[in-house]
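Chemist: Got a structure here, written out as structure tokens. Questions coming.
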Amino acid sequence: MSIRKTVTVDGAARTVAIDGRDDALSARVDDIALALGLRRDGTAWTVTLADRTVTATVVRDRDTVWIAIDGEIHRCTAADDARTGGAGGGVRSPKVIAPMPGKVLAVRVEVGQKVTAGDPLVVLEAMKMETIVSADGDATVKEVHVTIGAMIEPGQVLIVLEFA
Amino acid sequence: MPTVRKILIANRGEIAVRIIRTCRAMGVTSVAVHSEADVDAPHVRLADEAVAIGPAPARESYLVVEKLIAAARQSGADAIHPGYGFLAENARFAAAVNDAGLTFIGPPPSAIATMGDKVAARTLMEKAGVPVVPATAVLAPDADTFAKAAADLGYPVVIKAAAGGGGKGMRIVRRVEELPEAVAGAAREATSAFGDGRIYLERYLERPRHIEVQVFADTHGKVVHLGERECSIQRRHQKIIEESPSPAVDATLRAAMTDAGIRAAAAVDYVGAGTIEFLLDDQGRFYFLEMNTRLQVEHPVTEWITGLDLVREQILVARGEPLSFDAVPARGHAIECRLYSEDPAHGFLPATGTVHALGEPSGAWVRFDSGIAAGSRIGVEYDPLLAKISTFGATREEARTRMVAALRETVLLGVVTNRDYLMAVLAHPAFASGATHTQFLAEHLPGWAPPVGRHGDVAAVLAALALTGPAARRGEGAQEAALPSPWEALGPWRPGMGPRPGGAKL
């Protein structure tokens, strides 16, 4: 087996490489080499990494992996996944994505409209709380993917912008 | 006397489960109601009978008075328990239940209506000798008038808009020199926000504690108290940690506060379980905030220290029986934490998803009240409260350390929760020392981020493996697929498959 993958663990990117056969695996996490032992029984895993042996529960829900180890809960995603946002900062995306699940209360823009940074685009409501999704920068609205009353999922594309 | 042999529970989630359990223990038949979203919910499975009451949105199901009365009639229930939230403090609902010839397990509609009206409640409390936050009537908007009033009230003071709400027009004033500008500014802001420039003055409570008194009254005119709870740990005015007794309340203060609580309940001819909420300032002075005319979310901490089952007592009172207790001697200390589906690292935004695995805490002096199970969908339709963890100890410190251990055992996979945030509060030295107040979280945990943990590297390896599994590999190059994968060696990967309820070892 040979796996190269960058994953985010609780919002932080970790680079993972796994090589070798099942009975002689080695792993590198952020360039630290570690001997690896793996045993699996359904969702229960026993992992030996370097000199530590722990049991873990691993469940995967689409692009998110939830891992419980010794009372710790880790939420992991593939680092190249657009849905890993939320921690703030980073590159602005022309795709305006729902930060939380909920209902669309208002759509404040239409296709072709020019917006400036901070302009409200969509108003969402979840559990009686309102959140305004606003423009990341000066742009023109290229696509509108939601209507008032629509139920949306986190990560769903609401609006597509074309930055000026 | 009302019979109360079959109770319809007009609620869902953990409180419905909790009420059904007491019904079972008393040999009372329970009837659950459920929306389309809750067909398979734990409260439906646990109840003796269940009635569907409509679509997922609460205003089309759990909040429709007529549907609930019809469900009670259809099932032959003779009483309705409203739980908390939804219709629990709706006087029209309580009246409709009574008018239908059913027993409402709660206070008379008049008590609900009076306490639901802020102005009426304040006036009545003043008359009953229950302290309220000192305030003036509307004052002429000039600095001299306000300076005189402020000297009488004592600094700090807060200027408020008579038509106000949401903090608009509010100005906190600590010294007389600040008054001229604050009065002018508050009047201006009130005018522009509400079209009404009237302002008044109130004493400002600096970092108060939230302390509440549990009362119980029967239909024979007896009112008793069951001590206090402190619920100062709040975010956005929402309690997340409660305890009893309060580390700030000594025997003298307890006597004064519980006396006031009993006077407040008696003033509205209260019946059943109720809670009088107070703010306690750093001088040991307390002021009436409001009365909750229902069972509280945090009632388990009172159950721990009194040994009573409050839902059982509610049912006995509803049957017209006299209270079987007077002053209940409290023992030990209890703490409750509320597990919410929300992200404390991102403004407490509500989180949704599927509960794929649930590890419940257990052991001596640990209680877990929940309305979820492995497989439950957590949507946006309802309150984000998932479960309540409560612990008991001979001392506060014993209850606190037991809670830290219990939270560590509380492992929910599939939905973001506030568990790690709760652990951070419990572990904070200021919490451990009992120095709690309503600004605690803003002061001590601003910019909180999830802990890194000791096993982040193991998680990274497992995540890399899981994300390389069949569901993620589909569409990728054949080269990687041809390599021996852990899935072939270790059995097929089943995306999203959680362990069966009770089968998870976390």
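Rundown of residues vs (1) free of Cβ contacts under 8 Å to residues at least 60 places away in the same chain; (2) more than 19 Å from B:N11 (Cβ to Cβ); (3) buried (at least 17 other Cβ atoms within 10 Å of the Cβ); (4) aromatic (F, W, Y), yes/no style:
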site: B:E277; (1), (2), (3), (4): no, yes, yes, no
site: B:D282; (1), (2), (3), (4): no, yes, no, no
site: B:N292; (1), (2), (3), (4): no, no, yes, no
site: B:Q296; (1), (2), (3), (4): no, no, yes, no
site: B:H299; (1), (2), (3), (4): no, no, yes, no
site: B:L308; (1), (2), (3), (4): no, yes, yes, no
site: B:Q314; (1), (2), (3), (4): no, no, yes, no
site: B:D343; (1), (2), (3), (4): no, yes, yes, no
site: B:G371; (1), (2), (3), (4): no, no, yes, no
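Chemist: Could I ask something else about it? With a cut-off of at least 1 residues that are within 18 Å of the chain's Cα centre (by Cα), name the strands (runs of 3 or more DSSP E) lying wholly within the range B:335-430.
Modeler: B:366-370, B:385-393
Chemist: Residues B:V119, B:V31, B:V130: which one is surrounded by fewer than 23 Cβ atoms within 10 Å (Cβ to Cβ), of a type outside the set (D, E, K, R) and under 26 Å from the mean Cα position of the chain (by Cα)?
Modeler: After applying the criteria, what remains is B:V119.
Chemist: Looking at the range A:18-29, which of the residues that are within 8 Å of another protein chain (Cβ to nearest Cβ) and modelled with pLDDT of 90 or more is nearest to A:I3 (Cα to Cα)?
Modeler: If we take residues in the range A:18-29 being within 8 Å of another protein chain (Cβ to nearest Cβ) and modelled with pLDDT of 90 or more, then A:I18 is nearest to A:I3 (Cα to Cα).
Chemist: Quick one: which residue in B:R263, B:R229, B:R207 is among the charged types (D, E, K, R), in contact (Cβ under 8 Å) with a residue 24 or more places away in the chain and part of a helix (DSSP H, G or I)?
Modeler: Criteria check complete, one pass: B:R263.
Chemist: Considering only the range B:437-446, I want to know if a residue exists there that is part of a loop (DSSP other than H, G, I, E, B), within 14 Å of another protein chain (Cβ to nearest Cβ) and out of contact with any Gly (no Cβ under 7 Å at 6 or more places or on another chain).
Modeler: No, the range B:437-446 has no match at all.
Chemist: For B:D144, are the conditions met, namely being at pLDDT below 90, surrounded by fewer than 19 Cβ atoms within 10 Å (Cβ to Cβ), farther than 22 Å from B:E206 by Cα and of a type outside the set (A, V, I, L, M, F, W, C)?
Modeler: So B:D144 does not fit the description; no.
Chemist: Taking the range A:14-35, which residues are part of a strand (DSSP E or B) and touching an Asp or Glu at 6+ places or on another chain (Cβ under 9 Å)?
Modeler: Selection gives A:R14, A:T15, A:V16, A:A17, A:L25, A:S26, A:A27, A:R28, A:V29, A:I32, A:L34, A:A35.
Chemist: I would also like to ask the following. I need every pair where a residue in the range A:47-67 that is more than 7 Å from every other protein chain (Cβ to nearest Cβ) and on the phi < 0 side of the Ramachandran plot has its Cβ under 9 Å from the Cβ of a residue that is surrounded by 15 or more Cβ atoms within 10 Å (Cβ to Cβ) and of a type in the set (F, W, Y), sequence separation at least 6 or different chains.
Modeler: Qualifying pairs under 9 Å: A:T55/A:W45.
Chemist: Restricting the search to the range B:43-61, which residues are in contact with a Gly (Cβ under 6 Å, 6 or more places away or on another chain) and either within 10 Å of B:A71 (Cβ to Cβ) or part of a loop (DSSP other than H, G, I, E, B) (or both)?
Modeler: Selection gives B:S61 alone.
Chemist: Quick check on B:R408: is it touching a Gly at 6+ places or on another chain (Cβ under 9 Å) and of a type outside the set (A, V, I, L, M, F, W, C)?
Modeler: When the stated conditions are applied, B:R408 passes them.
Chemist: A further question on this structure: Any residue in the range B:401-424 that is within 11 Å of another protein chain (Cβ to nearest Cβ) sitting within a Cβ distance under 6 Å of a residue that is polar (S, T, N, Q)? List the pairs, counting only those 6 or more apart or interchain.
Modeler: Between residues of the range B:401-424 that are within 11 Å of another protein chain (Cβ to nearest Cβ) and residues that are polar (S, T, N, Q), the close pairs are B:A406/B:T391; B:G414/B:T354; B:V415/B:S341; B:T417/B:S341; B:R419/B:T410.
The values are calculated or read from the model by the stated rules, or taken from the named source; none is laboratory data. All figures in this text were calculated on a predicted structure; none of them were measured in a lab. Counting neighbours? That spans all protein chains shown, and the Cβs are built from the backbone with ideal geometry, glycine included.
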